[in-house]
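Structure first, then comments.
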Amino acid sequence: MMGRLSSAAATMHTLSMTAMEEASRLGARDTDIDHLFIALVASEQTAGQVLRGLGVTLATARQAVADQHAEHLLGLGIDGAAQQPGPIVFNETGGYEWTRRASDVLNHVSAKTSDGSASAVLGALIDEPSGFIADVLARLDVEPRDVRERLEEAARIPDFGGEHAGVGPGTRTPRAFTRAVTGFVPASPNAVWALLTDPERMPEWEEMLESVDPASITPPPGSGAALAAGATWEGRGRTHAPDGKPLRARPSLNRISFELIEACEPTRIAWRLGFPDEPSANTRLLELKLEHAAGGTTLRARITWERRRERRTLQGWALRPVRRMLLWLQATKIVGGISRVFRSA
């Protein structure tokens, strides 16, 4: 398992990315406490579970924040139309920064007296001097006292949801490295399953993939046959990052093959990804488990690098921490990408 400091860093990374994605929906570059609050609602950690358990959904949280902003503007004598949200464009844009009050909240949570958890972030948002989040909770018919009590109750339950639930154990064998990540998706398991079993939609959430060749899909689209173990297809790797910058990659890694290893509707699906033009390259096994949760789906992702041959070198030993971090980043991006499809809708 990751240590406390690593877990806190992972929590801050995930919340920051989600909050900045939320800001990008509204065309903003200043990421504020309201974006951070919505990121908590979409979090798999205890704070998110408590909020959703109190009936707060992504949609109601966004509406309450919008209404609170509108009321504040009216109090200043400004009667403007609410800004219409668009798709999440965080990956395609840049220049995002925290506002002063959001930075104060995060600095407070990062202090030595805090465990750096999502629960600590939620507590700090409730105490934030402007009272904005407390007012948002009032619009949602949620008492801050109830939030605190539930957070305290959860803290007394060993491993309740995993305070750092997004971080899973890593394992290693002579020919494989594995990392697990848990996330929350604001959609039903059936809706998530429909996304994950549509090969042509994989580029929406798998960032290494630019396109899928419909002619390569077996069984072919429109055949009426459901995908089953053994189904295969091919795609093309990205040549440019989402922001338009060119990516450096060997041409032999541009063609990517997919094989469906397992499909158990609507709870589990697994693929093996490889590079047909690079026989010596490692394959990647991606396993995804879906579980019903309040307000959506708990998504557990396990990613495994399967090496073609065993390698025991001093350099390989020294690079183990780097491999673990890369695996965690890949798994986190996959879970975040799947969630983003529904948060961007």
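The values are calculated or read from the model by the stated rules, or taken from the named source; none is laboratory data. Quick caveat: nothing in here was measured; it's all calculated off a predicted structure. With ideal geometry, Cβ positions are generated from the backbone for all residues, glycine too; neighbour counts draw on all protein chains shown. Just the protein is used for accessible areas: all its heavy atoms, side chains included, with ligands, DNA and RNA removed. Shrake-Rupley method; radii C 1.70, N 1.55, O 1.52, S 1.80 Å.
Assorted remarks:
- Residue within the stretch 317-328 that is at pLDDT below 90, touching a Pro at 6+ places or on another chain (Cβ under 8 Å) and either among the hydroxyl-bearing types (S, T, Y) or surrounded by fewer than 17 Cβ atoms within 10 Å (Cβ to Cβ) (or both) present: no
- Residue tally, condition surrounded by 11 or more Cβ atoms within 10 Å (Cβ to Cβ) and modelled with pLDDT under 85, over the stretch 226-242: 4
- Among residues of the stretch 81-108 that are in contact (Cβ under 8 Å) with a residue 60 or more places away in the chain and loosely packed, with under 13 Cβ neighbours inside 10 Å, those with a beta-carbon under 8 Å from a residue that is outside any loop (DSSP other than H, G, I, E, B) and of a type in the set (S, T, N, Q) at least six positions away or on a different chain give the pairs E97/T31.
- When the test is whether a residue is of a type outside the set (D, E) and part of a loop (DSSP other than H, G, I, E, B), A124 does not pass it.
- Some residue of the stretch 204-227 being part of a helix (DSSP H, G or I) and within 25 Å of the chain's Cα centre (by Cα): yes
- Sole residue being at negative phi, open to solvent by 20 Å² or more (accessible area, probe 1.4 Å), among the aliphatic types (A, V, I, L, M) and more than 24 Å from the chain's Cα centre (by Cα), chosen from A120, A134: A134
- If you go through the stretch 137-150 and pick out every residue that is open to solvent by less than 60 Å² (accessible area, probe 1.4 Å) and over 14 Å from T57 (Cβ atoms), you end up with 3.
- In the stretch 64-102, residue modelled with the lowest pLDDT [restricted to those that are of a type in the set (S, T, N, Q) and part of a helix (DSSP H, G or I)]: N91
- Qualifying positions in the stretch 256-310 - in contact with a Phe, Trp or Tyr (Cβ under 7 Å, 6 or more places away or on another chain), assigned to a loop (DSSP other than H, G, I, E, B) and over 20 Å from R236 (Cα atoms): E265, P266
- W233 meets the stated requirement of being over 24 Å from M325 (Cα atoms) and without any contact (Cβ under 8 Å) to a residue 40 or more places away in the chain.
- Of V142, V136, all but one fail to be touching a Leu at 6+ places or on another chain (Cβ under 6 Å) and either aliphatic (A, V, I, L, M) or part of a loop (DSSP other than H, G, I, E, B) (or both); the exception is V142.
- If you check A39, A61, A8, A19 for being part of a helix (DSSP H, G or I), open to solvent by less than 50 Å² (accessible area, probe 1.4 Å) and more than 20 Å from L140 (Cβ to Cβ), only one passes: A8.
- Residues that are open to solvent by 40 Å² or more (accessible area, probe 1.4 Å) and farther than 20 Å from I217 by Cα, drawn from the stretch 269-286: P279, S280, N282
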